[in-house]
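The values are calculated or read from the model by the stated rules, or taken from the named source; none is laboratory data. A quick note: this is a predicted structure, and the numbers were derived from the prediction, not measured. Methodologically, a virtual Cβ is constructed for each residue, glycine included, from the backbone with ideal geometry; neighbour enumeration extends over all protein chains shown.
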Amino acid sequence: MSKIKKIKRVLRVGRAVDSSLSSFVERPVPSETEVAVFERVMKREVHEQEVDSNLAEIYSGKNGAKINVQKMNVKKRLGFFGRLLRRLVLLLIVVGAGYLLYWYGWSGTNNVNGLELQVKAPDKILAGEEFSYEITYYNPTKYSLSQVHLELQYPDSFIITSASPAATSGNYGWNLSDMAPGASATLTVTGRLIAPPDSVAVIFSRLSYLPSGLTSEFKKESSASTILSGPGFQVDLNYSATAFINQDNDMGLVIYNIEDNRLGDFNISFSVPADASASVVTSDTSVDASATSTKKLTVTKIGGASWQVSGLSQEMGRQEIPLTYRVKQKANNLEIKVRLEKKLEDGQSYTFWEKSLKPELVNSDLNLTMLLNDSKNDGDLNSGQSLNYSLTYVNHGINTFKDVVIMAVLKGEMLNWESLADVNKGDVQSNSIIWTKNEIPALAEIKPGAEGAIDFSLKLRSFQDSDIAKDLTLVSYGQYGINNQVAKSHDNISNTVTSRLNSDLSLQEEIRYFNSDNIPVGSGPLPPEVGVQTSFKVYWTVKNNLHELSETRVVFTLPSYVSWNNNNMTNVGSLYYDEASRQVIWEIGRLPVSVYRVDAEFGISIIPSDNDRNKILILSPGSIVSALDTETKGTITKKITSKTTKLEDDDIANLSNSGVVR
């Protein structure tokens, strides 16, 4: 130990004398134990300083002075309602700030694009019906608008008649007055649309304007659409799917269900290829169309391939205008169009109906023509109806046809083959009747120019409920062959007649003194007595199950000695008495398939005279029910048997009533 102390003293002496590197090296170095002790002392010192600092912060006030921890000031906490009120105030502040932000930043009053433009148009109109477009524009912004200009783009089928205010550019542009904030205005354009049924006519509008304080132009657009429901009447074209080259091929333009003609007179025109022609069948400058009513259309040629139809009114029944066309030579994809047009005074024409047909062309010197009930066109039939066929043939060539076989093909599930009447007694095979020279000697040789006809008939079966799922179409055509053989070819067949079965409309009429519950509904003596009134009740039941019907009506013409008692009731339509025609009329109108049965009843009475004594009087000559089948476009007319004072349908009355006037 003394030796160590001596060394340290020597070092201190040396440091004082010499400050060189050697003197620095001679300094004493601390041991590891001394370093560890030093680090512990420093950590404890730092920790004590941190504790003192934190305590000073806790026990110091806002001014930095130490607080007295022996005295405490406790602040009272807000109650439930206080906290609720504070939250409501905060919520109101947030909502108000949001509203102000929207109002001044994004609301319409500050939005230069906020101008409102609307076009109003009817959803549906008839062709030729006058109506108005209403264009409304409104300025909800805080800006004044200048240089306001409106342009309309009309449908191609629109015919303008007036505008308020008047247009400043043609009939489509308007320079409008300036608009103050909140201002609005309406512009009206009146006219008509003429286009085919179910066409959609769209009008477009564009409004441009300049907001105050801005240099950029802004635009608004709007549109509206209208559907054409039709011309106010129904139109159809009857034609054969087969056409003969260099022969007249008939068509029939049918106009029916005439409800509201807003077009007035209109034109018939044709579109045909260069090697074909078409026309209305007439030998003079005008022709009356065939019709089911006393009033008829007048068709007049006005030049070229155009005919004018005049006089179409609601009082008319079904009208048919005969047309014809001729094809000079065989052509691929032959198409013939029949159009109905309205021509204006300025020469512009608008098509409101069009039908296109693509017949199959037949080129043969021996021409066959199939006629069904005197028509070679497609049509409609009623169940139970008689079918009178005539299959004609003519040799237009220069050669003779020998050992000719002619066949009639009839395809339909409603045919009653057992009713076939054929004086030539052709051979019936499946759905065909075949004639050869054995049945018709003239078929052994048909020379140029020779012609003939094969007539036969049969009936359709009565419609049953089980027939609803069956094919109710009848297809009829003829075909020929030579050398006692029939070869399949497009050039050896006749025209094809396709017929569709009309709906199963039926009328039941009962005249009763007692109803079906055996309760008296009549009065007076039975059998009737001379000079004494006897009253009866008439019951009508109309049934329909196959197709929807329109223009459905029942008519009962009263005999001169039968009176109308006005005690009537019906569950559909209107029932009334026309005194001028002495007819009881039940106007049913539309009868959908969903309505299987409708009923009506009314009272009648008689006062027999001396001339009626010992007679059975006719109370009903047979009522008539008629309707238009919306599927086949055919008219259905049925008449029931007459009814007498015997009261054929009243079982209770028949127990003591002979029907003979006493």
Failed item in (1) within 31 Å of the chain's Cα centre (by Cα); (2) in a strand (DSSP E or B); (3) not charged (D, E, K, R), with Ser313 passing the rest:
(2)
Any residue that is farther than 30 Å from Ile616 by Cα and either β-branched (Val, Ile, Thr) or in the same structural domain as Asn416 (by TED's automatic domain parsing) (or both) - is there at least one of those in region 542-559?
yes
Unique residue being closer than 30 Å to Lys615 by Cα, of a type in the set (A, V, I, L, M) and in a loop (DSSP other than H, G, I, E, B) when the list is Leu526, Leu546
Leu526
Any residue that is under 31 Å from the mean Cα position of the chain (by Cα), over 19 Å from Pro197 (Cα atoms) and part of a strand (DSSP E or B) - is there at least one of those in region 333-347?
yes
Count, please, the residues in region 450-485 that happen to be of a type outside the set (D, E, K, R) and either in contact with a helix residue (DSSP H, G or I) (Cβ under 6 Å, 6 or more places away or on another chain) or crowded, with 18+ Cβ neighbours inside 10 Å (or both).
14
Within region 290-298, can one find any residue that is part of a strand (DSSP E or B) and at pLDDT below 80?
yes
Any pair with Cβ under 7 angstrom, 6 or more apart, that starts in region 192-205 at a residue that is in the same structural domain as Leu150 (by TED's automatic domain parsing) and ends at one that is part of a loop (DSSP other than H, G, I, E, B) and acidic (Asp, Glu)
Arg192/Glu129
Would region 447-458 turn up any residue that is modelled with pLDDT of 95 or more, over 20 Å from Gly397 (Cα atoms) and assigned to a loop (DSSP other than H, G, I, E, B)?
no
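Matching residues to (1) in a helix (DSSP H, G or I); (2) more than 27 Å from Glu413 (Cβ to Cβ):
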{"residue": "Ile434", "(1), (2)": "no, no"}
{"residue": "Asn438", "(1), (2)": "no, yes"}
{"residue": "Leu443", "(1), (2)": "yes, yes"}
{"residue": "Asp471", "(1), (2)": "no, no"}
{"residue": "Gly478", "(1), (2)": "no, no"}
{"residue": "Asp517", "(1), (2)": "no, yes"}
{"residue": "Gly531", "(1), (2)": "no, yes"}
Among what's in region 141-165 and is assigned to a strand (DSSP E or B) and touching a residue at least 60 places away in the same chain (Cβ under 8 Å), pick the residue that is surrounded by the most Cβ atoms within 10 Å (Cβ to Cβ).
Leu145
In a loop (DSSP other than H, G, I, E, B), at pLDDT below 90, of a type outside the set (S, T, N, Q) and touching a strand residue (DSSP E or B) at 6+ places or on another chain (Cβ under 8 Å) - does that describe any residue in region 230-237?
no
Of these, Leu368, Leu387, which one is within 24 Å of Asp467 (Cα to Cα) and of a type in the set (A, V, I, L, M)?
Leu387
Could you grab the pairs with beta carbons closer than 7 Å, sequence gap of 6+ or different chains, first residue in region 640-654 and assigned by TED's automatic domain parsing to the domain that holds Pro528, second one part of a helix (DSSP H, G or I) and crowded, with 18+ Cβ neighbours inside 10 Å?
Leu647/Ala653
Which condition number does Gly384 fail, the rest of (1) of a type in the set (Gly, Ala, Ser); (2) assigned to a strand (DSSP E or B); (3) within 36 Å of the chain's Cα centre (by Cα) being met?
(2)
